[in-house]
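Each remark here refers to the structure printed beneath this line.
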Amino acid sequence: MDKKAILVWLLTFFGMSIYAQTVTTVKGTVSDKNGTGIAAASVYLLNTNFRVSANNKGEFVFSKVPVGKYEIAISAVGYAALNKTITVTASPTPLSLQLAGAESQLGEVTISAQKRDEQAQRAPVSVSTLSAKQVDDYKIWNTEDLTAIVPNLYSANSGDNRNVTSIRGITTTSYDQAVATYIDGVNQFGLDTYMAQLLDVESIEVLRGPQGTLYGRNAMGGVINITTKQPTNETSGFAGVDIGNYGLQRYSLGLRTPLIKDKLFLGVTGLFSDFGGFYTNAYNNTKFDKQHYFLGNYYLKYLATPKLSFTLNVKNDINRNNGAFTLVSSAAQALSQPFVVDQNATTTMVDNTFNASLSANYTGTAFNFTSQTSYQENYRYYTTPIDGDFSPIDGVSLINNYGPNWNTVQTEIQEFRFSSPASSSSPVKWTAGAYGFYNYSPTKEGTHFGSQAALVGSPISNFTSIDINTGTNYGTALYGQATYVVSPQFDITGGLRYDYEHDKEFINGAFQADGQAAITTRSDTSSSAAFKALSPKLALAWHLTDDNNLYATYSRGFRAGGISQLGSYPTQPPLYDYKPEYSDNYEVGTKNTFWDKRIRLNIAIFYTLVSNAQVPTLVLPAAITITQNAGGLTSKGAEMEFASTPVKGLEVDYNFGYTHARYTSLITPENGSAVNLDGNKQVFTPDVTSMLALQYAYDLGGPEKTKLIIHSDWRYIGDQYFDLANTIEQKGYSLFNAKAGISTKRFDVFLWGSNLANKVYIDYAYDFGAAHLGNPRTYGVSLKAKF
């Protein structure tokens, strides 16, 4: 058989496998317990492109659905979400789907965090989920706000809007993240291109424990998977205003609509925020941390056929921060003089982030296919030198405004993913794919030593040490994961991923006395390194009943290796490569619903071993961090998530996490000698996180379905350290938050307050002592119109 005949045979077979299956029309109605149709209910056949909103009578239609067995998910505002299995035949009977009120039972949760839509309670993974309603209830405006809402999660930043996030004691100790964040399927590759602000969120899923098999690099601690609301055939939108103390003003607007019904859809949302600042600068008695930003999210979705869709998504974040790094020299000073800094070098941080992605989704009868291409860019600089010693002396300041050819980080990512079709009757459900990235990071920074440089240890003054670090790295990966359903009560999941990464670092340096030309101190030099990683996974799941599940898992994660940068400190050699950091996680858990779906209780215990731990060595005064593989870590603990609707209108949520994370070996350099820190606790890791939330909704009736809603939550963050030597400590503290107001079909009005007891606490500190406080008491009013 010649090549042409083989090609014809393959095309014929491929075409038959995709198009030969019988298709039909599926109709149905979504109603409440009284049989009244629920308008705008969302109906979705999991792992397909079939997703519609019901009309005013609760009716919906899917056209050209291949026959087979599907999981269908139905949800609507004010009702408990429902998942069920349906069988689509050549002549299907109209579906009658009934939703219970959210006040009478807990809804079923669908997740996509394992790159397939599935029921959260049956998935053998520790995952916390937050719906759009819960994101509003808890006033989650930034990923930092997930602290303690998710068990064993802690997140904070030093004022520059770059969050350091820890899950189960696996934290960002090097510049590479330990917890991966995905927004609408796009990997927020690094801390530079990472968008922490949230807008128009549909859901948040947080996977705890390493997710290396499906997500690869830098998912060692877990994954935060954020999905924003996408346009459909129904026109909808909102306009919101938030006004609060400290000069807070937020204005948001969104519209989602079909441009061509059943074919072309548009979504546009935007948020402008202006903030007067918490801090006062004692140096000139002015507000220090004023900032404003604009966040935009734009969708254009084309449904070429019921099986094939294309989505173009663009996001941009334009931030102007007039007081980045709201730091003082020590934790003691921060606590004794809260929200006061004393810095002589003040500036504006310009921070522009752009993300764009194009995805293609095909759902067939032989396989499903997804392609996602994304581009990320961040340009970040200080308009004038920024204070580097956090004091009023003319000691150290940092310069990085060298034009857009420098300090502009660019990342390109491509992923292809295949998976088993939704209608398949096979006992094996599988996902496989390929991933690749390219990252370019040219950085140029000058460390200026002023007239009082002697006070920070410099023998000379009035000069700038200029460091150039141009990093390029690329990587590829192949991965696969499959679940074999042995019986309705038992299934096995296995997976494996292979990652390859190549890094190259190019450096040079110069000395420039004030008012003179620069003198080269280090000629052009470069170094390269390559890293490989295997990330296996094995999970066993027992479904004892529809409401009671057990699981046991082993999973492996890794954080990418790299090459150390050039800094202004001459005794620290650059271009030393450090290896990837690995973790092995063992976990058992149980997921349960009780009392006719009025109670949900999930419990997990875990044991994690970390090898080749990447340990930062801070180089002052340039604040350059040299990373070394210098430690091993053991983390163990437990988590519990409880949710209940005990009486009509009352929701109770309680989450608890305990983590005991210590270094089994840790040697760090200090003043030219080695210091043994074996047994010290991990940084940015509270030993306990706990949250109790109560929400009561009283139905006032009327055609607008008016409700009075009162929400309160208490969060406890336990003892933690911020330095490897365990000398900078924050004892456990509590935060109290509340909101109350009126919600109708068309508008919401709420009064809210955060940290109502005005607790003063350290939420971020550097190894060298500089500390940043958590937010003080804030309060305000939020108004939202919905259409």
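The values are calculated or read from the model by the stated rules, or taken from the named source; none is laboratory data. Just so it is clear, the model here is predicted, and its values are computed rather than measured. Cβ placement follows ideal geometry from the backbone for every residue including glycine, while neighbour counts extend to all protein chains displayed. Only protein heavy atoms, including side chains, enter the accessible area calculation; ligands, DNA and RNA are left aside. Shrake-Rupley method; radii C 1.70, N 1.55, O 1.52, S 1.80 Å.
Note down all Cβ pairs under 7 Å where the first residue falls in the stretch 546-567 and is open to solvent by 40 Å² or more (accessible area, probe 1.4 Å), the second is not in a strand (DSSP E or B), and they're at least six residues apart or on different chains.
Every condition considered, the pairs that remain are 556/210; 556/212; 565/574.
Collect the residues in the stretch 742-759 that are over 27 Å from the mean Cα position of the chain (by Cα) and open to solvent by less than 20 Å² (accessible area, probe 1.4 Å), keeping them in residue-number order.
Hit for the stretch 742-759 is 744, nothing else.
Considering only the stretch 487-503, I want to know if a residue exists there that is aromatic (Phe, Trp, Tyr) and either outside any strand (DSSP E or B) or open to solvent by less than 20 Å² (accessible area, probe 1.4 Å) (or both). Spell out how you get there, then give the answer.
Filtering the stretch 487-503 down to residues aromatic (Phe, Trp, Tyr) leaves 490, 498, 500.
Next cut, either outside any strand (DSSP E or B) or open to solvent by less than 20 Å² (accessible area, probe 1.4 Å) (or both) only: none.
No - not one qualifying residue is present in the stretch 487-503.
Residues are listed down the side, and each one gets a yes or a no for (1) part of a strand (DSSP E or B); (2) under 21 Å from residue 764 (Cβ atoms); (3) free of Cβ contacts under 8 Å to residues at least 24 places away in the same chain; (4) open to solvent by less than 20 Å² (accessible area, probe 1.4 Å):
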site	(1), (2), (3), (4)
166	yes, yes, no, yes
176	no, yes, no, no
180	yes, yes, no, yes
193	no, yes, no, yes
203	yes, no, no, no
206	yes, yes, no, yes
210	no, no, no, yes
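Being at pLDDT below 95 and either crowded, with 18+ Cβ neighbours inside 10 Å or assigned to a strand (DSSP E or B) (or both) narrows it down to one residue among 609, 666; which is it?
Values: 609 fails: at pLDDT below 95.
Of the residues listed, the single one that is at pLDDT below 95 and either crowded, with 18+ Cβ neighbours inside 10 Å or assigned to a strand (DSSP E or B) (or both) is 666.
Quick test for you: out of 35, 28, pick the one residue that is closer than 29 Å to residue 787 by Cβ, touching a strand residue (DSSP E or B) at 6+ places or on another chain (Cβ under 9 Å), part of a strand (DSSP E or B) and at pLDDT 90 or above. Write out each step before concluding.
Values: 35 fails: part of a strand (DSSP E or B).
When all the criteria are applied, what remains is 28.
Is it the case that some residue within the stretch 445-458 is open to solvent by 20 Å² or more (accessible area, probe 1.4 Å) and either under 30 Å from residue 217 (Cβ atoms) or in a strand (DSSP E or B) (or both)? Outline the logic, then answer.
First, pick out the residues of the stretch 445-458 that are open to solvent by 20 Å² or more (accessible area, probe 1.4 Å): 445, 448, 451-452, 454-457.
When the remaining residues are screened for being either under 30 Å from residue 217 (Cβ atoms) or in a strand (DSSP E or B) (or both), the result is 445, 448.
Taking every residue of the stretch 445-458 in turn, at least one turns out to be open to solvent by 20 Å² or more (accessible area, probe 1.4 Å) and either under 30 Å from residue 217 (Cβ atoms) or in a strand (DSSP E or B) (or both).
Name the residue, out of 274, 262, that is more than 30 Å from residue 40 (Cα to Cα) and without any contact (Cβ under 8 Å) to a residue 60 or more places away in the chain. Talk me through it step by step, then tell me what you get.
Working: 262 fails: more than 30 Å from residue 40 (Cα to Cα).
Step by step, each of 274, 262 is checked, and only 274 is more than 30 Å from residue 40 (Cα to Cα) and without any contact (Cβ under 8 Å) to a residue 60 or more places away in the chain.
Across the stretch 227-255, what is the total count of residues that are open to solvent by less than 30 Å² (accessible area, probe 1.4 Å) and basic (Lys, Arg)?
Number of matching residues: 1.
Can you tell me which residues in the stretch 673-686 are in contact (Cβ under 8 Å) with a residue 40 or more places away in the chain and either open to solvent by 20 Å² or more (accessible area, probe 1.4 Å) or part of a loop (DSSP other than H, G, I, E, B) (or both)?
675, 677, 680, 681, 682, 684, 685, 686
Is it fair to say residue 395 is among the small types (Gly, Ala, Ser), touching an Asp or Glu at 6+ places or on another chain (Cβ under 6 Å) and surrounded by 21 or more Cβ atoms within 10 Å (Cβ to Cβ)? Before the answer, list the steps.
Values: among the small types (Gly, Ala, Ser): yes; touching an Asp or Glu at 6+ places or on another chain (Cβ under 6 Å): yes; surrounded by 21 or more Cβ atoms within 10 Å (Cβ to Cβ): yes.
Yes; evaluated as a whole, the condition is true for this residue.
Counting only residues that are over 29 Å from residue 610 (Cα atoms) and touching a residue at least 12 places away in the same chain (Cβ under 8 Å), how many does the stretch 627-656 have?
Just the residues of the stretch 627-656 that are over 29 Å from residue 610 (Cα atoms), to begin with: 642-654.
Within this subset, residues satisfying the condition of being touching a residue at least 12 places away in the same chain (Cβ under 8 Å) are 642-646, 648-654.
The qualifying residues number 12.
Mind checking whether some residue in the stretch 215-235 is of a type in the set (A, V, I, L, M), at negative phi and not in a strand (DSSP E or B)? Let's see the steps before the verdict.
Taking the stretch 215-235 first, the residues of a type in the set (A, V, I, L, M) are 219-220, 223-224, 226.
Add one more test, that the residue is at negative phi, and what stays is 219-220, 223-224, 226.
Those still in the list that are not in a strand (DSSP E or B) too: 219-220.
The answer is yes, given that some residue of the stretch 215-235 is of a type in the set (A, V, I, L, M), at negative phi and not in a strand (DSSP E or B).
Which of the following residues is open to solvent by less than 20 Å² (accessible area, probe 1.4 Å), within 19 Å of residue 150 (Cβ to Cβ) and acidic (Asp, Glu): 763, 723? Steps first, answer last, please.
Values: 723 fails: within 19 Å of residue 150 (Cβ to Cβ).
Of 763, 723, the one residue that is open to solvent by less than 20 Å² (accessible area, probe 1.4 Å), within 19 Å of residue 150 (Cβ to Cβ) and acidic (Asp, Glu) is 763.
Does at least one position in the stretch 339-359 carry a residue that is free of Cβ contacts under 8 Å to residues at least 12 places away in the same chain and closer than 30 Å to residue 450 by Cα? Please lay out each step first, then the result.
Our first condition is that a residue be free of Cβ contacts under 8 Å to residues at least 12 places away in the same chain; within the stretch 339-359, this holds for none.
For the stretch 339-359, residues free of Cβ contacts under 8 Å to residues at least 12 places away in the same chain and closer than 30 Å to residue 450 by Cα: absent.
Pick from 133, 139: which is in a loop (DSSP other than H, G, I, E, B) and either over 18 Å from the mean Cα position of the chain (by Cα) or not aromatic (Phe, Trp, Tyr) (or both)?
On the way: 133 fails: in a loop (DSSP other than H, G, I, E, B).
Unique residue meeting the criteria: 139.
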